[in-house]
Each structure stands twice: as structure tokens, then as C-alpha cells.
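See structure below.
The values are calculated or read from the model by the stated rules, or taken from the named source; none is laboratory data. Keep in mind it's a predicted model, so treat the numbers as computed, not measured. Here the Cβ is made from the backbone with ideal geometry for all residues, glycine too, and neighbour counts use every protein chain on show. These accessible areas exclude ligands, DNA and RNA; they are computed on the full protein's heavy atoms, side chains included. Shrake-Rupley method; radii C 1.70, N 1.55, O 1.52, S 1.80 Å.
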Amino acid sequence: MVRLVHIVKEVPVPENVEVSIEGKRVTVSGPKGTLTKDFSYARGVMIKYDPNEKRVIVESYFAKRKQKAVTFSIAAHIRNMIDGVTKGFRYRMKIVFTHFPITVRIDEENKIVYIENFLGERKPREARIYGNVKVRLEGRNDVIVEGIDIEEVGQTAANIELATKVKDRDPRIFVDGIYIYKREYMEGGEEV
């Protein structure tokens, strides 16, 4: 496998965002909050901040394929952190039922979403809410998942979707569940 001599990925930083780097621990602060991620698992990858040109530089030398992939992944994580602290992320989910009306109850204190009467079950199904993610109901059939960390928002939405997975029945007939139908930014509403 051919090694590339120098791989560089630059991430521009907007004016209203501050970035600080200590070793491989990156902290991004913006109008919506602060996010911190630790990239210490990435050997051979260097992360630097250039305050003059307002950009984060992720680079590695003599990288093979996996190290090149890690370099680009770290740059994408930092870009998502910047988008999160400036715009935020919103996942829209639709409650779909054909047989039994599903009701959703949100317990913000214990960070659990209860899905009741799913396929006529007496015991409610539970989905965990991660981190500082806000889950709310909009109308009768929409569940909105919002937050600044795309990983926490995505995992919470996936937990809700997986909690309503239909097993041992024909999925063409039993389409009941809660499904993600739109991923967008909280500010501006454009799709992610």
C-alpha cells in the first residue's frame, strides 16, 4: 500500500466560534453552547488551530489508508461540532400506526421516552435520551429531537426508532412505529 507523504484537511472557523486545543482534546464554544471531544485514540494525527486565519488544521505524515480515514473523520467531527454550536441539529420523527393508536410520553427528569400501546402491548416500551438532547411532541404525530451534539441527537433518535421495531410479524402489514423522516439544522431549517 502506498503511503501519502502529507495529508492536510482544513476546517474554517466562523467569527462567533472559539476553538481551543489541548493535546488532542478539542473544545468548541459558540452561541448555542460548548462541545468537547477527545481524539487521543488517533495516533500520528496532529490537530492545530491557526487563530490568524481562523481555521483548524488536521494533518498526518506518511499515512496509510486507515490513518488517512481517521484524519478526514476527525475533520468531519470538528466540522459537526462547529455546526452544532452555531446552528444545532433537529431530527423530525413521525408516529405511524395502523392497528393500535400509539401514545408517546416523555420523562425529562429520568431521560426516558415511553411508547405506550405499541401493537396493543400493555407494558410501555422505553427509549433512552442521551446527554443534553431535548425531545418534544409536536402535534399528535410528530416527535422532535433537538440538540447541539449530532452524535447524541442521532443516537437518541435511533433509540426511539429501535424501540418500536416490529419483530415476528410481516413488516409490509405492520408498519407501526416511529420513524425519522427529516434531519435538519435548528437555525435556518436546511437539511443536514
Of those in segment 15-30 that are under 13 Å from Ile82 (Cα atoms) and open to solvent by 50 Å² or more (accessible area, probe 1.4 Å), the residue farthest from the chain's Cα centre (by Cα) is Glu15
Residues in segment 151-162: is at least one over 30 Å from Val17 (Cα atoms), open to solvent by less than 30 Å² (accessible area, probe 1.4 Å), among the β-branched types (Val, Ile, Thr) and in a helix (DSSP H, G or I)?
-> yes
Within segment 48-81, can you find the residues that are touching a Gly at 6+ places or on another chain (Cβ under 7 Å) and outside any strand (DSSP E or B)?
-> Gln67
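Suppose we filter segment 1-14 for residues that are outside any strand (DSSP E or B) and either aromatic (Phe, Trp, Tyr) or crowded, with 17+ Cβ neighbours inside 10 Å (or both); how many remain?
Number satisfying all stated conditions: 1.
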Taking Thr98, is it among the β-branched types (Val, Ile, Thr) and assigned to a loop (DSSP other than H, G, I, E, B)?
-> yes
Only one of (1) assigned to a strand (DSSP E or B); (2) surrounded by 12 or more Cβ atoms within 10 Å (Cβ to Cβ); (3) under 18 Å from the mean Cα position of the chain (by Cα) does not apply to Tyr181, and that is (2)
Number of the exception - Glu109 against (1) at pLDDT 90 or above; (2) in contact with a Ser or Thr (Cβ under 9 Å, 6 or more places away or on another chain); (3) surrounded by fewer than 11 Cβ atoms within 10 Å (Cβ to Cβ) | (2)
Return yes or no: is Val145 in a loop (DSSP other than H, G, I, E, B), in contact (Cβ under 8 Å) with a residue 12 or more places away in the chain and either open to solvent by 40 Å² or more (accessible area, probe 1.4 Å) or hydrophobic (A, V, I, L, M, F, W, C) (or both)?
-> no
Residue list for segment 47-100, filter: among the hydroxyl-bearing types (Ser, Thr, Tyr) and either touching a Phe, Trp or Tyr at 6+ places or on another chain (Cβ under 8 Å) or open to solvent by 60 Å² or more (accessible area, probe 1.4 Å) (or both) | Tyr49, Tyr61, Thr98
If you go through segment 102-114 one residue at a time, do you hit one that is under 30 Å from Lys54 (Cβ atoms) and more than 14 Å from the chain's Cα centre (by Cα)?
-> no
Does Ala42 satisfy the criteria of being among the hydrophobic types (A, V, I, L, M, F, W, C), part of a loop (DSSP other than H, G, I, E, B) and open to solvent by less than 80 Å² (accessible area, probe 1.4 Å)?
-> yes
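Results for (1) more than 27 Å from His77 (Cβ to Cβ); (2) in contact (Cβ under 8 Å) with a residue 24 or more places away in the chain; (3) not acidic (Asp, Glu), shown as yes or no for each residue.
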position	(1), (2), (3)
Asn110	yes, no, yes
Ile115	yes, yes, yes
Ile129	no, yes, yes
Gly139	yes, no, yes
Glu161	no, yes, no
Asp176	yes, yes, no
So which of Lys87, Lys64, Lys54, Lys94 is more than 19 Å from the chain's Cα centre (by Cα) and either within 24 Å of Asp149 (Cβ to Cβ) or of a type in the set (A, V, I, L, M, F, W, C) (or both)?
-> Lys54
